[in-house]
Amino acid sequence: MAGTPRKKTIKAAPKAAPRAAPAPRAADSVNRVYAAIQRMAVNFEFRPEQRINEVELAATLGVSRTPVREALNRLVIEGLITLVPNKGFYCRPFDAEQIIGLFEVRASLERLSVELAAERASDVRIAELMDFWNGVRASRAAMDAEELTSRDEEFHIRIAAMGGNPELVRMLESINARIRFVRRIEIENPQRRTTTFDEHLAIAEALKARDRGRAVACMSDHIGISVADAVSAMKEGLARIYMGRMAS
C-alpha cells in the first residue's frame, strides 16, 4: 500500500533587513558646510583679517578638510574670504571705504532693478510682491533685526527678479552678503525700521501703478537714506567686533 504523500512545508521568506539611511552626498555636505561658513563670514564671527584655521573649522563642523576648503574657495570668489598665497585663508578686512563703495553700487543696481520691474513685471508678480510685504508688515512686531534684514533683502531681490535680468539678481545677492553685517545693525534703529516698512510699501505701490519715474524716485530716497545711515552703523559694527575680541 502506497504511503500517504507528505505535505510540503513552505518556509516563510526571510524578512528584509531594514534599509540603512542613505549616506549624505558629497555635494550636500559641501553645500551644508558652505552655508555654515558663509554665515560665519557674513556676521564677522571670524575677526577681520584673522587667519582661518582649516583643521579647527573642520572639527567644529564635524567634517573633513575637503568640504571646508571647497567652501572657503567659493567664499574667496564672493569676496567674503581672502586667500593669501602660501599663507592660507583669512577673514576679509572691515574696510569702511569698501563698504561705502558697495552701498553706492547697490544703490545704482536697485534703481535699475525697479526701473526694469516697472517695465517688465507681470501684474501677478507685482501683486505677489504687495502680498509678501503686507505679510511682513503684519508680523513685524515679532521679528528681530536679523529676520527683518532677511525679509528686506528678499523684497529687493524679488523686484530685481521681476525685471528678468538674472545677472542683476546675482550681483545684488553678492553685494547683500558683503554688507549684511552693517545693514542688520542699521535696521536695529527703531526709526529706520519704521521708514523701511513705509518706503517699501511706497515702492510697491508705484510699481502697481506702473509709474516708473515714481518707483525710481522712491527707491532712490530709500537707498539714499541707507547709504547715509551706513556710516554710523559701521562705527557700531566695529565696536561690536572689537568688544568680542576683548572678550575672547
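The values are calculated or read from the model by the stated rules, or taken from the named source; none is laboratory data. Source: prediction; values computed, not measured. Because the Cβ atoms are built from the backbone with ideal geometry, glycine has one as well, and the counts that use them run over all protein chains shown. Areas reflect the complete protein model, heavy atoms only, side chains present, ligands, DNA and RNA absent. Shrake-Rupley method; radii C 1.70, N 1.55, O 1.52, S 1.80 Å.
Tally Lys and Arg at +1 and Asp and Glu at -1 over the other residues with C-beta under 13 Å from the C-beta of G88: what net charge comes out? All intermediate terms of the calculation are to be shown ahead of the outcome.
Details: positive: R51, R65, R69, K87; negative: E49, E54, E56.
Net of charged neighbours comes to +1.
At a 10 angstrom cut-off on C-beta neighbours, averaged per residue, how do the peptides 64-73, 83-92, 187-196 rank from highest to lowest? Spell out each step's value before the answer.
Working: 64-73: 17.7, 83-92: 13.5, 187-196: 15.4.
For the peptides 64-73, 83-92, 187-196, the packing ranking is 64-73, 187-196, 83-92.
Considering only the other residues whose Cβ falls under 9 Å of the Cβ of F132, what net charge follows from Lys and Arg at +1 and Asp and Glu at -1? Write out the running numbers ahead of the final one.
Details: positive: R151, R158; negative: E128, D131, E154.
For residues surrounding F132, the net value is -1.
What does the net charge come to around D229 if you take all other residues with beta carbon closer than 14 Å to its beta carbon, with K and R at +1 and D and E at -1? If you can, show how the numbers build up before the last one.
Working: positive: R106, R183, R184, R192, R193, K235; negative: E104, D152, E186, E188, E199, D221, E236.
The answer is -1.
With Cα extents along the principal axes in Å in mind, check (i) 63, 41, 31; (ii) 61, 35, 28; (iii) 109, 52, 34 and report the label derived from this structure.
Of the listed options (i) 63, 41, 31; (ii) 61, 35, 28; (iii) 109, 52, 34, (iii) comes from this structure.
Assuming R0 = 41 Å, can you tell me the calculated FRET efficiency for the pair R120 and I241, based on Cβ-Cβ distance, to the nearest 0.05?
Numbers: r = 41 Å, r/R0 = 1.00.
According to the calculation, E is roughly 0.50.
On a 0 to 90° scale, report how tilted helix 145-162 is relative to the longest principal axis of the chain, with both axes built from alpha carbons and the result rounded to the nearest 10.
Long axis of 145-162 versus the principal axis of the chain: about 90 degrees.
Restricting to DSSP H runs of at least four residues, report the calculated mean residue ellipticity at 222 nm for the chain, -39500 (n - 2.57) per run over all residues, nearest 500 deg cm²/dmol. Kindly include the intermediate steps, with their values, before the conclusion.
Details: 9 runs with 174 residues, N = 248.
It lands at -24000 deg cm²/dmol.
Taking 8 Å as the Cα distance limit and 6 or more residues as the minimum spacing, I'd like the relative contact order of the chain as a percentage. Don't skip to the end; give the middle numbers.
Working: 230 pairs, mean separation 52.6, N = 248.
Value for the chain: 21 percent.
How much of the accessible area of the chain, in percent, comes from carbon and sulfur atoms when a 1.4 Å probe is used?
Values: 7760 of 14310 Å².
Here carbon and sulfur together make up 54 percent of the probe-accessible area.
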